[in-house]
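These notes are about the structure you will find just below.
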Amino acid sequence: MGAPGKNGGSGVSHRTALDGLRAFAIIGVMLVHAGAPGFRSGWIGVDLFFVLSGFLITTLLAMESSASGTIAYAPFMVRRALRLMPAYFLYAAFITLLLWFWPGSVRSQHSGWNAASFTAAIWTYTINFVPQGGVWNGQDLTVHLWSLAVEQQYYLVWPLVILALHSRPAVLRAVAVVLAVATTASFVLWPEGLYKNDMLFTRGFSLVVASALALWVFHDPALVRHRLFNRALDIAGALLLLGLAAAPYAPGWPESRMHEVFIPLLVPVFAFWIARLWNLAGDGWLRRLLQARSLVYIGKISYGVYLYHEAIRVGVWFVMKPWMAHWPASLGFVVRMAVYFLVSFALAAVSYELFEKKFLRLAGRFRPARARTERGDDGGSRN
């Protein structure tokens, strides 16, 4: 992760490196959703996004509390809304139009949900409570929105916890650890089925674990400066990632089992790696890779890529697969993948440059006074 050095928390290299991490996360998610061979564990990208969000949001709030003695909750929520909601509601409007006016739309009732309550869940960030399927035949277009709902719920609750306890930092850190342990246990022990992988109190444990680590590292940055520990952590993390990549092809390893084993082990590793990128200067090969211009830009637009990629994937497969019926299967898949990636990146770039940036500039007016003088990264996951 780069050689330990002076605290890099006020510079910009850590921010570009974290954008590079976002790029790898979104690419993993896109590959697993497209069914790319060899990438069945790409869903770990969602957990990497969660860890980025939890660590960065908590660090920024801790910085604000340290500088001003308080947390400006309302401006924080305004910034979050201006960063996340415009593009999200644009996509929600697209889905709503398809749901109600697309001639091929088939709406049903399932487990107490119908088209009206499904629509309401999309617009209120509660779609993680909706069963994955059975309400609408176009539900593939919304299978990824659960994670955005979980994050939004986290943004509503976690800053209030910090606001309530920021004057007692030792208590806040202890509460964060208790919540991290409790939510991790909830995820591991929750029975397979409804709510196992899409609730703040289960899969959202990644956000809470990263938040707890962020508070401890903010209190004592030396936690990420122990060379021997960092070396051991890197080896353990590399072995875990190799195991995760191989596990889908091992007999007797259902995906639910992979979740329970690998996510709780990898989340703390991700959090420590992110803490090192944030706090330590250095010029290691991995940092240089993460700061590559192409990866940094993909990271910047990753929120839009995440929002739009499922609709693009479904559309590309729907349009291209029939006239590729006589192509070699592998060639057709590679061509569809190329179009899928190119269109997803292009649409997200247009959305970011022509639409989202307008709201980002407006969000800057609600930053704490000190942050306005710095180039700030106001959030983590896909934002």
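One table, with the values for the structure above:
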| read-out | value |
| --- | --- |
| Residue satisfying condition, being closer than 16 Å to Phe270 by Cβ and either out of contact with any strand residue (DSSP E or B) (no Cβ under 9 Å at 6 or more places or on another chain) or small (Gly, Ala, Ser) (or both), within set Phe187, Phe218 | Phe187 |
| Selected residue [hydroxyl-bearing (Ser, Thr, Tyr) and touching a Lys or Arg at 6+ places or on another chain (Cβ under 8 Å)] from Tyr308, Tyr303 | Tyr303 |
| Phe205 vs. criteria within 30 Å of Tyr125 (Cβ to Cβ) and open to solvent by less than 20 Å² (accessible area, probe 1.4 Å) | yes |
| Odd one out for Gly42, checked against (1) within 30 Å of Val217 (Cβ to Cβ); (2) touching a helix residue (DSSP H, G or I) at 6+ places or on another chain (Cβ under 6 Å); (3) part of a helix (DSSP H, G or I) | (3) |
| Residue that is open to solvent by less than 40 Å² (accessible area, probe 1.4 Å), in a helix (DSSP H, G or I) and more than 22 Å from Ala36 (Cβ to Cβ), where the choices are Pro268, Pro264 | Pro264 |
| Residues within segment 231-247 that are crowded, with 16+ Cβ neighbours inside 10 Å, of a type in the set (Gly, Ala, Ser) and within 12 Å of Phe272 (Cβ to Cβ), tallied | 1 |
| Pairs, first over 18 Å from Tyr352 (Cβ atoms) and touching a residue at least 24 places away in the same chain (Cβ under 8 Å) in segment 279-307, second among the acidic types (Asp, Glu) and part of a helix (DSSP H, G or I), C-beta under 9 Å, six or more apart | Leu290/Asp19; Gln291/Asp19 |
| Criterion violated by Val78 - all others in (1) open to solvent by 40 Å² or more (accessible area, probe 1.4 Å); (2) more than 20 Å from Ala311 (Cα to Cα); (3) more than 20 Å from the chain's Cα centre (by Cα) satisfied | (3) |
| Matching option when the condition is open to solvent by 40 Å² or more (accessible area, probe 1.4 Å) and either of a type in the set (Gly, Ala, Ser) or at pLDDT 90 or above (or both), among Leu277, Leu228 | Leu228 |
| Single match in Ala93, Ala25 (criterion: assigned to a helix (DSSP H, G or I) and in contact with a helix residue (DSSP H, G or I) (Cβ under 6 Å, 6 or more places away or on another chain)) | Ala25 |
| Residue in segment 143-159 that is closer than 22 Å to Leu97 by Cβ, surrounded by 14 or more Cβ atoms within 10 Å (Cβ to Cβ), in contact (Cβ under 8 Å) with a residue 12 or more places away in the chain and of a type in the set (Phe, Trp, Tyr) present | yes |
| Single residue of Tyr155, Tyr125 found to be assigned to a loop (DSSP other than H, G, I, E, B) and within 23 Å of the chain's Cα centre (by Cα) | Tyr125 |
| Residue under evaluation Trp100, criteria (1) open to solvent by 20 Å² or more (accessible area, probe 1.4 Å); (2) in contact (Cβ under 8 Å) with a residue 24 or more places away in the chain, criterion not met | (2) |
| First in segment 213-226 and within 9 Å of Arg173 (Cα to Cα) and in a helix (DSSP H, G or I), second anywhere and open to solvent by less than 60 Å² (accessible area, probe 1.4 Å) and small (Gly, Ala, Ser), Cβ under 7 Å, 6 or more apart | Leu213/Ala271; Leu213/Ala275; Leu215/Ala62; Leu215/Ala176 |
| Listing of helices (runs of 4 or more DSSP H) fully contained in segment 289-356 that carry 2 or more residues being among the polar types (S, T, N, Q) and either within 20 Å of the chain's Cα centre (by Cα) or within 12 Å of Ala34 (Cβ to Cβ) (or both) | 329-351 |
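The values are calculated or read from the model by the stated rules, or taken from the named source; none is laboratory data. In this text, all values refer to a predicted model and were calculated from it rather than measured experimentally. Cβ atoms come from the backbone with ideal geometry, glycine included; neighbour counts cover every protein chain shown. Surface accessibility is based on the protein's heavy atoms, side chains included, excluding ligands, DNA and RNA. Shrake-Rupley method; radii C 1.70, N 1.55, O 1.52, S 1.80 Å.
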